[in-house]
Amino acid sequence: MSLFRSRSCRLVLAVALVLGGTGCSSESGPSTPEREVSMGTQVAVGGLTYTVIDQRWAESLPSSTGARLPKERFLIIGISVTNGGGATAGIPLLTLVGSDGKEYQEETKGDGISNWLGYIRILEPAATEHGRLLFDVPPGAYKLRVSSGGEPEDEVTALVTIPFRLEAPSSIGEDTLTPPAQ
């Protein structure tokens, strides 16, 4: 009888492992909370290091066909990205997360943005790229989710707090992505 119980237990355990997983696979979503940093602070995710330099809001952008209007309002974020890895890396499109948890994808057209970072972004090892990102979102405070750009099971992300300010600090100019001297 103990031999039967032992085989039954092993069978039940095997079925449970097949149906429930082995416990070694990753769940969907991060198992630990994402790191969160303030705007102006460097944050490394994988081989990429991001620094959000500035942000500003716009009700419209210039374009060759007249004013480009958003559905909500344009949020323009100045950013610096450095590839600290040993191989060429792609900078992925980034996401804003609202205080309600709603996510907004980066715009794929930068018409009317000076120093737009672009849609296809390749960064050589030890290189740094400065540029602007564009989002069409309701006014408010956000968190920019920066990413290592890896495969979903290997991707590393962090959040950069973007406070709600209608005007960028006067020490950071419209056409510069250089942080103020400290």
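Counting every other Cβ atom within 10 Å of each residue's Cβ, 71, 109 order from fewest to most as 71, 109.
Taking only the Cα atoms of segment 42-176, the radius of gyration and Dmax are 14.7, 44 Å.
Dipole check for segment 32-162: with +1 at the C-beta of Lys and Arg, -1 at the C-beta of Asp and Glu, and the Cα centre as origin, the magnitude is about 420 Debye. Going from the residue with the fewest nearby Cβ atoms within 10 Å to the one with the most, 108, 128 rank 108, 128.
No lab work stands behind these numbers, since they all come straight from the coordinates. Remember, it's a predicted structure, so these values are computed and weren't measured experimentally. When we count neighbours, we look across all protein chains shown, and the Cβ atoms used for this are built from the backbone with ideal geometry, even at glycine.
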